[in-house]
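Have a look at the structure below, then the notes.
Coordinate-derived values only; no laboratory data. Not measured: the values here are computed from a predicted model. No Cβ is skipped: glycine too gets one built from the backbone with ideal geometry, and neighbour counts run over all protein chains shown.
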Amino acid sequence: MTIDTTPTPRFSTLDDTGDLSVAMRERLLLIIAGAFVLVIYSALILTRGASILNLWPLLVWAGCVIAGHLTLERRLPRRDPLLFPLAMLLSGWGIALIDRLAPPFMIRQAVWLIVSTSVLIGLLLMPHHLRWLSRYRYLWLIGGLALLAATILFGRNPAGSGPHLWLGLGEIYFQPSELLKMALIAFLASYLADNRDLLETQELRVGRLRLPSLRYLAPLIGMWTICALILVWQRDLGMATLYFMIFLAMLYVATGRSYYVYGGLALLLIASVVSYGLFDVVRQRVDIWLNPWADPDNSAFQIVQSLMAFASGGVFGQGIGQGSPTYIPVVHSDFVFAAIGEEWGVLGALTVIGCFAILIVRALRLAVSQPRAFRALLAAGIGITFATQTLLIMGGTIKVIPLTGITLPFLSYGGSSLLVNFIMLGFLLILSDSQ
């Protein structure tokens, strides 16, 4: 009998099927993302004639990548290897864009990236069954509502003027409506998972018309109404629209009842007409959307400059650091997609769309494959949120729909937005590890 004395390797880059392991695939994708971000920063340094020391934001990004990857390798060995690299590619691109478009804000965004990665790691260290998220759904939602309501009394605006949507402590500002977005998703996922069968079967019949039972729908409508009223009071109508779309889509996913969609769209149309008459900001945005050339140098200046940026970018773009996207007011936040269109062209815009499409599809695939209703609805809610938010801001930037004033996930400047995006990413990673 022959004895095989060949030592067994302690570490293998292959899984049981002979393919690359999850860790190796994720590592290769992160290396590609790192090379991409390095090219961006190198081009910016050459364009500015700056010192190589200006690469320090890239080092911060790389440190977050390494810390996140090592934690994921230890805590979630069966995770989806695409999710984390996609998020880090977009966030690295976002830091480079902010450094290009609004350098004074780049340090803050780098700090928020460190904070967001740290929160992601902390989330991965918590129990992965997520019962703590489902069981205390009212606590999370009421806490988010309390923070949002606090902005009515103590709200501030970092710019000094405009809506007071932030809570501030010294030079640190946080937008509670972003955190409430995640709390709303968790609440809807938990409540719908517990009451889905009742919502499907307990219906009121008025002749041939079937209506949902208000007994089980009332808590959902009540909580959403409170969110919407506070946001309307603050005139944060873009976020109110996003909340409504999340609510409507998750209700449809849970029940499969199309009349929720038709009724919701009818209510949205009525609310839009009423808002047009009540709020100057809504009236102005709709008028700009219908005809921006009526006042291109004043109220429509942003959208006109955005359209000109896309036009000047063409297919291949002006080049990194070569365009003039800074002519667009608040380009680093609301109009970062226009900056990509000018300097990266159609190819760059399609790359961003492709990254978000992959992220959203992976989230929805997770929803389909989850064995428990809460986890399925949570994944679906996160995917719906990424999709809706991306479509709203991209559509507003290219004048397909009126401007909403929300951020493009991972790419736009905004610490609270980045933090909540990483929290949603963390939940997707935890859900993917259970496959």
Let me have the 222 nm mean residue ellipticity of the chain computed from DSSP H runs of 4+ only, each contributing -39500 (n - 2.57), with the sum over all residues rounded to the nearest 500. -23500 deg cm²/dmol
Can you tell me how much longer the chain between Phe279 and Leu70 gets when fully stretched, taken as 0.36 nm per residue apart minus their C-alpha distance, in nm with one decimal? 70.3 nm
Could you list the residues of the range 399-426 with an amide nitrogen less than 18 Å from a label point located 7 Å from the Cα of Ile172 in the Cα-to-C-beta direction? 414-423
Counting other C-beta atoms within 10 Å, which of Trp289, Trp112, Trp56 has the fewest, and how do the rest follow? Trp56, Trp289, Trp112
Which ³J(HN,Hα) values in Hz, rounded to whole numbers, follow from the phi angles of the range 396-401 under the Karplus curve 6.51 cos²θ - 1.76 cosθ + 1.60, where θ = phi - 60° and Gly and Pro get x? x, 5, 9, 6, 7, 9
Run a plain Debye calculation on the chain (Cα atoms as equal point scatterers, no solvent) and give log10 I(q)/I(0) at q = 0.12 Å⁻¹, rounded to two decimals, same order as the q list. -1.06
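May I ask you to derive the FRET efficiency for Thr47 and Asp197 from their Cβ-Cβ distance with R0 = 41 Å, giving the value to the nearest 0.05? Each step should come with its number before you reach the end.
Working: r = 59 Å, r/R0 = 1.45.
So, using R0 = 41 Å, E works out to roughly 0.10.
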Inter-label distance, nm, simple model (7 Å from Cα along the C-beta direction), Ala311/Ile107: 3.9 nm
HN-Hα couplings for the range 85-92 via Karplus (6.51, -1.76, 1.60; θ = phi - 60°), in whole Hz with x for Gly/Pro, come out as x, 4, 5, 6, 4, 5, 5, x
Once Tyr327 and Ile226 are pulled to full extension, the length gained, defined as 0.36 nm per residue separation minus their Cα-Cα distance, is 32.6 nm
Please give the peptides 276-283, 22-29 ranked by average Cβ packing (other Cβ atoms within 10 Å per residue), highest first, as a rough proxy for protection. 22-29, 276-283
Quick calc: nm separation of the 7 Å Cα→Cβ label points for Ile270 and Ala294 -> 2.7 nm
With θ taken as phi - 60° and the coefficients 6.51, -1.76 and 1.60, list the Karplus ³J(HN,Hα) couplings across the range 404-414 in order, rounded to whole Hz; mark glycine and proline as x. 10, x, 9, 8, 8, x, 6, 9, 6, 5, x
Quick calc: nm separation of the 7 Å Cα→Cβ label points for Arg257 and Ala150 -> 3.7 nm
Pull up all non-local amide H partners of Trp166: gap of 5 or more, or a different chain, and H-to-H distance under 5 Å with H placed in the peptide plane. Arg156
Distance from a point 7 Å along Cα→Cβ of Leu350 to each backbone N in the range 292-322: keep the residues under 15 Å and list them by number. 314-317
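One-quarter of the Cα convex hull surface for the range 130-170, in nm²? Before the final figure, lay out each step's value.
Numbers: hull surface 15.4 nm².
Across all orientations, the range 130-170 yields a mean hull projection of 3.9 nm².
If you rank Met250, Met106 by fewest surrounding Cβ atoms within 10 Å, what's the result? Don't skip to the end; give the middle numbers.
Numbers: Met250 24, Met106 20.
With the sparsest Cβ surroundings first, the list reads Met106, Met250.
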